[in-house]
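**Student:** Take this structure first; my questions come after.
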Amino acid sequence: MNLNDIEIERAVIGEILIFESLHTKALLLEPSDFAYDEHRIICKAIIKQLRKGNKYDFITIANECGANYRNEIQNCIQLAISAELFEEHFRLLKEMASRRRLIERFHTLTTDGDVSVSSVQKMLDDEKKAFTATETSSSPS
């Protein structure tokens with residue numbers, strides 16, 4: 001699996017921008033779920049609007065992010081084909097983010113010289129708990 005698929009990232013952002021029924025799902029996202037900086041910034045803008053209780057759309061988010069993000073936001077919207085595909089795109093995004101976190105944490109462990117079976121097991125258990133919590137929260141009710 002690719003660890004930073006730009007099309008998956010764009011699809012998730014586009015879907016939560018276009019389909020109002022998915023707006024609350026944006027609260028399950030974290031900017032760190034995205035590998036690309038521009039997507040992190042767009043995600044932060046969306047979450048900010050939601051936490052304020054505001055509705056949002058392309059214009060709101062483009063104004064929040066700045067004019068130089070308009071093209072990327074449009075790219076995201078172009079990949080938003082169907083709200084029904086959101087759950088799969090969301091799952092793939094979270095899985096890529098989880099794998100990136102594991103690689104980063106393992107790199108830190110090895111750099112610090114703190115590699116042991118228990119430290120690696122704890123790292124895996126923590127990530128599994130976080131991933132499972134997200135999957136449970138995103139499941140349709």
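The values are calculated or read from the model by the stated rules, or taken from the named source; none is laboratory data. Please read all numbers here as calculations on a predicted model, not as lab measurements. Neighbour counts are summed over all protein chains in view; Cβ atoms, including those assigned to glycine, are modelled from backbone coordinates with ideal geometry. Note: accessible area is taken over every heavy atom of the protein model, side chains too, but ligands, DNA and RNA are not part of it. Shrake-Rupley method; radii C 1.70, N 1.55, O 1.52, S 1.80 Å.
**Student:** Based on C-alpha coordinates, I'd like the Rg and Dmax of segment 50-117, in Å.
**Tutor:** That works out to 18.1, 50 Å for Rg and Dmax.
**Student:** Using only the Cα atoms of segment 45-88, what do you get for the radius of gyration and for Dmax, in Å?
**Tutor:** So, for segment 45-88, Rg and Dmax equal 11.6, 30 Å respectively.
**Student:** Follow-up question, since we're still on this one. Could you give the alpha-carbon Rg of segment 1-77 over 2.2 N^0.38 Å, rounded to two decimals?
**Tutor:** Here the Cα radius of gyration is 0.99 times the empirical estimate.
**Student:** If you rank Asp37, Asp5, Asp57 by how much accessible surface each has, with a 1.4 Å probe, what is the order from largest down?
**Tutor:** Listed by decreasing accessible area, they come as Asp37, Asp57, Asp5.
**Student:** Enumerate the calculated ³J(HN,Hα) couplings along segment 63-78 in order (Karplus 6.51 cos²θ - 1.76 cosθ + 1.60, θ = phi - 60°), each rounded to whole Hz, writing x wherever the residue is Gly or Pro.
**Tutor:** Whole-Hz 3J(HN,Hα) from phi for segment 63-78: 5, 5, 7, x, 4, 6, 9, 4, 4, 5, 5, 5, 4, 5, 4, 5.
**Student:** Highest mean first, how do 78-88, 8-18 rank when packing is the count of other Cβ atoms within 10 Å averaged over residues?
**Tutor:** So the order, starting with the most tightly packed, is 8-18, 78-88.
**Student:** Arg100: accessible area at probe 1.4 Å, nearest 10 Å²?
**Tutor:** Per-residue accessible area (Arg100): approximately 50 Å².
**Student:** Under a 1.4 Å probe, what is the accessible area of segment 1-99 per residue, stated in Å²?
**Tutor:** Averaged over the residues of segment 1-99, the accessible area is 50 Å².
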